[in-house]
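Visitor: Please find one structure pasted underneath; my questions will follow.
The values are calculated or read from the model by the stated rules, or taken from the named source; none is laboratory data. Fair warning: this is a prediction, and the values are worked out from it, not measured in the lab. Cβ: placed from backbone, ideal geometry, glycine included. Neighbour counts: every protein chain shown. Quick note on the areas: whole protein, heavy atoms, side chains included, nothing else; ligands and nucleic acids left out. Shrake-Rupley method; radii C 1.70, N 1.55, O 1.52, S 1.80 Å.
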Amino acid sequence: MSDIAATDALAPKSGVEGLVDDWSADKQTYHVPWGKAMMWIFLVSDTFIFTCFLTSYMNVRWTATEPWPYPSEIFALEFGGVPIPLILIAIMTFILITSSGTMALAVNYGYRRDRQKTALLMLATAAFGASFVGMQAFEWTKLITGEGIRPWANPFGAPQFGSVFFMITGFHGLHVTGGVIYLLIVARKVYLGHYEKKGYEIVEIAGLYWHFVDLVWVFIFALFYLW
Amino acid sequence: MAYVPLADQEQELHHPHSWVTKYVFSQDHKVIAIQYGSTAVAVGVVALVLSLLMRLQLGFPETFSLIDPSSYYQAVTMHGMIMVVYLLTALFLGGFGNYLIPLMVGARDMVFPFLNMLSYWVYLVSVIILMASFFAPGGPTGAGWTLYPPQTSMAGTPGHDWGIILMLASLAVFIVAFTMGGLNYVTTVLQARCRGLTMMRLPLSVWGIFTATVLGLFAFPALFVAAIMMAFDTLLHTSFFMPAIIEAGQPLDTAGGSPILFQHLFWFFGHPEVYIVALPVFGLVSDIISTHARKNIFGYRMMVWAIIAIGGLSFIVWAHHMYVSGMNPYFGFFFATTTLIIAVPTALKVYNWVLTLWEGDIRMNVPMFFAIGFIFTFIHGGLTGLFLGNVVIDLPLSDTYFVIAHFHMVMGVSPVLVFFAAVYHWFPLMSGKMYNETIAKWHFWLTFLGAYAIYLPMHYLGFLGVPRRYYALGSTDFIPESAQALNANITIAALIVGAAQLLFLFNIIWSLKNGKKAEHNPWGSASLEWQTPDVPPVHGNWGPKLPSVYRWAYDYSVPGAHQDFIPQSTPEADEPTVDEQHFDPDHDQSKADI
Ligand code: HEM
Ligand SMILES: [Cu+2]
């Protein structure tokens, strides 16, 4: 048998055939590092958590006995006496999506083994994340002190509005905060050259988490502020 | 650049230097497994004692006054929750999963040993929090293991202030622990198998544990969310699950919540949970039956697909626990249909176990006794499930002793029998010793017959209409006096079965020291975990070189072979096989080797 034929037979196939090949191979099912496979599985599990939160939110909103407040009124900021609906949240969303961009660049530079740029871009991502959390703290303060909304009470209608809002944005905020810490740790290690031998997959793994947190935010944003 | 699959790169092992890192904060999956298993059994004993207290009350209501109505509720709740979550889930996944996965897939350890160690310690914290509720003001929660609101946080429920909070906290911590372990188990099975070991050559134990873990990773989130929301309701007085309620003439400050939402979240977790327990059991018992019948498992592929089908279906049947809560008849129809469909792959597995025994060269070793006992109790419990799955039959039977009988047969007795089978089966590997055969057989017969003496009459009590979770029957028109006599009998049987477990504990502990030295692979098992160079396997499992696998795990009594079993690591050139998958790692260079 010629060598060419042999290599052809070995070449990874695409589509369904490739899928079948991967699953019927020995040793490993996905051609990715262990950490990355594990992060993917974790994120699927975390997706179930957020899905449960968001479906519960919809359910609570349907069963609440008092009217649901208008998000565009509650989440408005006044500039010179003119209320601009959803302005803060628009900025927050923009920042988070930008951070996904810097993260993607960091992954790219990571694989090119440019330690300095990678660390810097990760730092920028973390900074965007931190400012997101800061603005969220500002929003919470405004809702609590300015509008009198509490987890258990809401002067504008259904008390469940406050309950769900603080619970879900709080849980997401914790994810962002955790992500910022994670990014900072990895960025420091990248900068110090800890991964020279092992390779820079870790940047991509951190990136997966970060993109996930951003993606979840899009759903929270749509279901909470736009509905 | 040549791509070297990670499974081929030498894994850095954490080498323990002191006694503490070797036996306490160990990263070795085998030590973690034993820690998980013993902790689970220890809390299990607490739950067992609670159940005996309840039985004494039910059997002899006038004679004993060990517990009052509220502590009865607390005992019911803690018994149920401990048994389902902290014993069975932790035992089969944290215990057997940890021990068997790396050995059966030919790995040196789990892929992330440190995370694995953390998983155990976080689990221990969750157990401690749960146990702390016994000492909290007001005691543990008495809301029933289903924790249904609004009654969980109403003043009349014992433990409505501290107990429920500790329960929710403990569950949340448990889920974190499970997730850390579970990610490890799944990744190890998918990504760290040894050369030649394809998914379709995995022993069914690994398939069962793997699928159950996947179910856990998708089902526990619902419980996690439910626990957080309920903690909000209890601590912050939100109204997620709390409707408007008048308590003792006073309206509570809650309104507009949906108790049914909690039920949906709980059972979206709760039904898959029963399969999180059952699937590892299915796997373990398949391997035990095949080994001791000296026959390959009947219909291996069917068994794998049945596990996967059951796993998938278990996510769309949850509302069969809520028929009495009321639902649109179309939904009732839907959930009854899916529930009955799940019986198809389940029955298929039972047939295959029986057909594996058929004309086998059966060795009646102790594990085989327990395995055959399991087939009986599981068929029994499965059949009553068919009754309960139909809406019209369930409505009168729900919340009676019939349901108690159903789930104790199917997820109480059956998994526990397999737990014993598995301990006796793998004890020689784990300890290098043999157990005492006579005591073990006594243990089997007392447990097996005793379990029937306990649960068979409960079906009848259920038909009479005896409700579950009641402290005493009182005098009612529809429950005859004789029901009480039956209750007394059940209690006596329960006490005997409870005492019989001391035989097991004694046997294990005594044999660890005084047992006969086990020979290498005493059952003549073909699967990989018995082929380690040392028994019990040492840290790193395989010595200098990882094993290669050339066949499935079920080459028993193969015509033309030298022995009546061929280890998975014997090359195809040396011995024949009946494995349908022709995959020889020495010739058939798979993609993974590129
Ligand atoms: C053919 C298979 C099965 C069917 C059709 C079935 C059906 C049902 C139904 C309809 C109920 C609800 C009864 C009620 O509350 O009124 C129930 C309860 C229960 N089942 Fe099954 N079941 C099956 C197998 C299993 C298995 C394999 C397990 C565990 C390993 C299990 C564990 C339980 C438990 C724990 C409960 C009681 C939950 C509670 O506290 O209310 N079942 N089953
Ligand atoms: Cu169910």
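Visitor: For chain A, what is the number of Lys pairs with C-alpha distance below 22 angstrom, counting only pairs 8 or more positions apart or on separate chains?
Guide: Final tally of qualifying lysine pairs is 12.
Visitor: Taking only DSSP H segments of four or more residues, each worth -39500 (n - 2.57), what value at 222 nm results for chain A once the sum is divided by all its residues, to the nearest 500 deg cm²/dmol?
Guide: -24000 deg cm²/dmol
Visitor: Continuing with the same structure: Of A:H175, A:H211, A:H31, which is the most mobile in a GNM of chain A whose springs link Cα atoms less than 10 angstrom apart?
Guide: A:H31
Visitor: Rank these residues by their accessible area, most exposed first, probe 1.4 Å: A:K13, B:K513, B:K349, A:K36.
Guide: Ranked list, largest accessible area first: B:K513, A:K13, A:K36, B:K349.
Visitor: Can you list the trypsin sites (Lys or Arg not before Pro) in the range A:128-205 that are in a DSSP coil and have 12 or fewer other beta carbons within 10 angstrom?
Guide: The qualifying sites are A:K197, A:K198.
Visitor: Another question, if that's okay. What figure, in Å² to the nearest 10, do you get for the accessible area of B:F565 with a 1.4 Å probe and non-protein molecules left out?
Guide: 30 Å²
Visitor: Next question, about the same structure. From the convex hull of the Cα coordinates of the protein assembly as shown, what is the mean projected area in square nanometres?
Guide: Result: 39.0 nm².
Visitor: While we're looking at this one, here's another question. Could you look at the protein assembly as shown and say what percent of its accessible area is carbon and sulfur, using a 1.4 Å probe and all protein chains? Walk me through the intermediate numbers first.
Guide: Working: 23060 of 33140 Å².
That fraction is 70 percent.
Visitor: For B:R195, enumerate residues with amide H under 5 Å from its amide H, sequence gap 5+ or separate chain, H modeled in the peptide plane.
Guide: Close amide H contacts, sequence-distant or interchain: B:V549.
Visitor: For a quick check of understanding: with a 1.4 angstrom probe and all protein chains in place, what accessible area in square angstrom does B:F463 have, to the nearest ten?
Guide: 130 Å²
Visitor: Specify which residue in the list A:Q136, B:I496, B:G474 is farthest towards the positive end of the charge dipole of the protein assembly as shown, using unit charges on the beta carbon of Lys, Arg (+1) and Asp, Glu (-1), about the Cα centre.
Guide: Farthest towards the positive pole: B:I496.
Visitor: What order do you get for B:283-292, B:62-71 when each peptide is scored by the mean count of other beta carbon atoms within 10 Å, highest first? Walk me through the intermediate numbers first.
Guide: Values: B:283-292: 27.6, B:62-71: 12.8.
Final packing ranking: B:283-292, B:62-71.
Visitor: I would also like to ask the following. Kindly write out, for the range B:294-311 in residue order, the coupling ³J(HN,Hα) from the Karplus curve 6.51 cos²θ - 1.76 cosθ + 1.60 (θ = phi - 60°), rounded to whole Hz, with x marking Gly and Pro.
Guide: Using θ = phi - 60°, the values come out as 6, 9, 5, 4, 6, x, 3, 4, 4, 4, 5, 5, 5, 4, 5, 5, 4, x Hz.
Visitor: Share of antiparallel DSSP beta bridges in the protein assembly as shown, in percent to the nearest 5? If you can, show how the numbers build up before the last one.
Guide: Working: 11 of 12 bridges.
The answer is about 90 percent antiparallel.
Visitor: Can you list residues from other chains, or at least 5 along the same chain, whose modelled amide H is less than 5 Å from the amide H of B:G257?
Guide: B:M242, B:A244
Visitor: Report the local net charge at A:W152: Lys and Arg +1, Asp and Glu -1, summed over other residues whose C-beta lies under 10 Å from its C-beta.
Guide: Counting the neighbours of A:W152, the net charge comes to -1.
Visitor: What would the Debye equation give as log₁₀ I(q)/I(0) for the range B:531-594 at q = 0.17, 0.26, 0.30 Å⁻¹, counting only Cα atoms as equal point scatterers?
Guide: -0.70, -1.10, -1.22
Visitor: Tell me, what is a quarter of the convex hull surface for the C-alpha atoms of the range A:33-226, in nm² with one decimal?
Guide: Working: hull surface 46.3 nm².
If I average the Cα hull's projected area over directions, I get 11.6 nm².
Visitor: Considering only A:G18, A:G110, A:G157, give the residue with the highest GNM mean-square fluctuation for chain A, with springs between Cα atoms whenever their separation is below 10 Å.
Guide: Result for chain A, Cα springs under 10 Å: A:G18 fluctuates most.
Visitor: Related question: Taking a probe of 1.4 angstrom, what is the accessible area of B:R469 in Å², to the nearest 10?
Guide: Here the residue's solvent-accessible area equals roughly 60 Å².
Visitor: Over all distinct Cα pairs, what is the inverse of the mean 1/r for chain B, reported as the Kirkwood hydrodynamic radius in Å?
Guide: Taking every pair of different Cα atoms in chain B, averaging 1/r and inverting gives 25.1 Å.
Visitor: Decide, for the range A:44-89, between rounded, prolate and oblate: order the square roots of the alpha carbon gyration tensor eigenvalues as a ≥ b ≥ c, take rounded if a/c falls under 1.5, and otherwise choose prolate if a/b is larger than b/c, else oblate.
Guide: Taking the square roots of the gyration eigenvalues as a ≥ b ≥ c, the range A:44-89 is oblate.
Visitor: Another question, then. Which one, A:F165, B:A518, A:G146, is farthest towards the positive end of the dipole of the protein assembly as shown when Lys and Arg carry +1 and Asp and Glu -1 on their Cβ?
Guide: So the residue we want is B:A518.
Visitor: Quick one: net charge around A:I87, please, counting Lys, Arg +1 and Asp, Glu -1 for every other residue with C-beta under 15 Å from its C-beta.
Guide: -2
Visitor: Something else: Quick one: order B:M229, A:M58 from most to least accessible surface, probe 1.4 Å. Please list the in-between numbers first.
Guide: Working: B:M229 0, A:M58 50 Å².
Order by accessible area, largest first: A:M58, B:M229.
Visitor: Keeping all protein chains in place and using 1.4 angstrom, which order do B:D361, A:D26, B:D253 fall into by accessible surface area, from largest down?
Guide: I get B:D253, B:D361, A:D26, largest accessible area first.
Visitor: So if each residue of separation counts as 0.36 nm, and I subtract the Cα-Cα distance between B:D477 and B:K22, what length gain in nm does that give?
Guide: 157.5 nm
Visitor: Between the helical axis of B:437-464 and the dominant principal axis of chain B, each derived from Cα atoms, what acute angle in degrees is found, rounded to the nearest 10?
Guide: The angle comes out near 40 degrees.
Visitor: A further question follows. Can you show me the helix-derived [θ] at 222 nm for chain B, built from DSSP H runs with n ≥ 4 at -39,500 (n - 2.57) apiece and divided by the number of residues, rounded to the nearest 500.
Guide: Per the formula, -19500 deg cm²/dmol.
Visitor: Among B:389-399, B:92-102, how do they line up by average Cβ neighbours within 10 Å per residue, starting with the highest?
Guide: B:92-102, B:389-399
Visitor: While we're on this one: Taking θ = phi - 60°, what integer Hz values does the Karplus form 6.51 cos²θ - 1.76 cosθ + 1.60 yield along the range B:102-110, in sequence order, with x for Gly and Pro?
Guide: So the Karplus estimates, Gly and Pro as x, are x, 5, 6, 9, x, 10, 7, 6, 5 Hz.
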